[in-house]
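Here's the structure we're looking at; comments come further down.
No value in this document is a laboratory result; all are computed from the given coordinates. Worth saying up front: this structure is predicted, and the values here are computed from it rather than measured. Positions of Cβ are backbone-derived with ideal geometry, glycine not excepted, and every protein chain shown enters the neighbour counts.
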Ligand SMILES: [Cu+2]
């Protein structure tokens, strides 16, 4: 017989030390230590919202993975994704005099280095970088983007053909790009079934009738989304407006986008995506890579001046929640969230971001001249380093004490309240088999059908052990509250609602316009949404991409007023 393939089994837990050298006992110890730490620290779980608490799943690491601790940290400068330049200007379809910029952005396979001491990594880029080029526009300035699929015909990550939408008869390589957070007509939203194969493209018009905010684009292909995004198909989209520009916030080179995500690399510097131990069904319920990348680099550094900076941070990970802090102990001033500016800056010591969420942060290096400061995740692990120059500089930027007023939507405006259960189906071992929204599969008839311009309250009733970041396409919303409830009674006593606590308002850093909300385990999270924009078919889903790919996504229809 040939060589026996070495198989490494690790539990994908919330431990950041998950790697091929970790045994089950090590993982248990790590879990215990962290739980004890959490308890002793008196830290609220809502703050940390570690989604992986108590989970202990077998995931096969078919090969040893690279340990980022074995690399010299902070040897590569932080790359800034290039700003996309229009190829052309085209007549606007609304017949207006103003022409709209046209961009052609192609998805391609590239080789690029994520660290000085690693070999080039094969990735799928938009244009030629991962993250792809940043699109920028002014609010109200529409644009055309032609998303072209120029990928190879073979996928390099483990497709699970048993998942709905990823059947073996479908082509392996398919893509469709969604603009997360954009108010767009349904035809340009990147519906998960609107995928196309290499050699094809889709032309989308984005009207951009919305306030300044940092949005992002990423693949959304039904059943493949987690793999295509992991491969590299994501990038930023910044909408600006005159209100925000009038605020004198740090700008130009002092405004730095920061796309964060985690990956595994094999010993050959190639992306590695773990699989389940079940033959023919490689899907895993969550992925927490041991390597955290910032703008596509592993452990980069950024040279900064001793002054204020604005960081536009995206959690672009498949499933990891980030809890960012600075080794200097300094705080962040959070000025914005998913859909733009907060009503006033909020001081945060730890910036928590679920997958899909964004934070707009002001960091003042003014009192730290000459220092080297580490941006850390989960209070332990380095993400990147800031090298603050010596001396003093004249910083003319400012952070006003009030930003953009956030008009609160009154509950009385809601014409409907929908109770929507976030559920999970497990096998006899307690391992996840599929995740469902309101017990419905993707292919079942639409059940959420709000009327255009109406206001609704959606109650996200989470009976699972995980936090699920829930994202609604096309709209922005506000978080009303979160409330602990008896999930057992709800499931076993015919949806009996027994509350276990008082409603808790959103954290101040979430009390603005959102498009993605953390629905914590054992909690009912209520959001209030005005369905402004366009009539048509959209989707709402969990932004843990492994969940989304396994049924935790539903179509919804915005219907015309009668
Ligand atoms: Cu989920």
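In percent, rounded to a whole number, the relative contact order of the chain is 14, using alpha-carbon pairs under 8 Å and six or more apart. Net length available on complete extension from residue 303 to residue 75 is 80.9 nm, with 0.36 nm assigned per residue and the Cα-Cα distance removed.
For region 318-374 versus region 498-562, the spacing of their alpha-carbon centroids is 23 Å.
One chain, two ends: residue 97 and residue 535. Fully extended at 0.36 nm per residue, the span grows by 155.1 nm beyond their Cα-Cα distance.
Modelled spin-label separation between residue 154 and residue 197, with each label point placed 7 Å from Cα along the Cα-to-Cβ direction: 1.7 nm.
Mean residue ellipticity at 222 nm, helices only, the chain: -2000 deg cm²/dmol; runs of at least 4 DSSP H residues each add -39,500 (n - 2.57), and the sum is divided by the number of residues. Can you tell me the FRET efficiency between residue 164 and residue 429 if r is taken as the Cβ-Cβ distance and R0 is 22 Å, rounded to the nearest 0.05? E between residue 164 and residue 429, to the nearest 0.05, is 0.50. Note on region 173-220: Rg/Rh from Cα positions, Kirkwood definition for Rh, rounded to two decimals, is 0.99.
Given Cα positions, please report Rg to Rh for region 251-356, the hydrodynamic radius being the Kirkwood one. We get a ratio of 1.04 for region 251-356. Put simply, region 478-562 fits an ellipsoid with semi-axes of 25, 18, 15 Å; these come from the alpha carbon gyration tensor as the roots of five times its eigenvalues, largest first. In this label model, residue 492 and residue 408 are separated by 3.8 nm, measuring between points 7 Å along each Cα→Cβ vector.
Rg of the Cα atoms in the chain, relative to 2.2 N^0.38 Å, amounts to 0.93. Mean projected area of the convex hull spanned by the Cα atoms of region 119-163, taken over all viewing directions: 5.7 nm².
In terms of surrounding Cβ atoms within a 10 Å radius of their Cβ, 441, 164, 323 rank from fewest to most as 441, 164, 323. Of 301, 217, 196, the sequence from fewest to most neighbouring Cβ atoms within 10 angstrom is 196, 301, 217. Taking the alpha carbon gyration tensor of region 411-558, multiplying each eigenvalue by 5 and rooting it gives semi-axes of 23, 19, 14 Å, largest first.
Normalised radius of gyration (Cα atoms, divided by 2.2 N^0.38 Å) for region 188-296: 1.38. Between residue 88 and residue 446, the simple label model (points 7 Å from Cα in the Cβ direction) yields a spacing of 3.3 nm.
Taking all Cα-Cα distances within region 65-184, those exceeding 24 Å account for 48%. Calculation over all alpha carbon pairs of region 411-481 in 5 angstrom steps from 0 returns a P(r) of 3, 12, 22, 24, 18, 11, 5, 3, 1, 0 percent. If you restrict to DSSP beta bridges whose two residues both lie in the chain, what percentage is antiparallel, to the nearest 5? The antiparallel fraction comes to roughly 75 percent.
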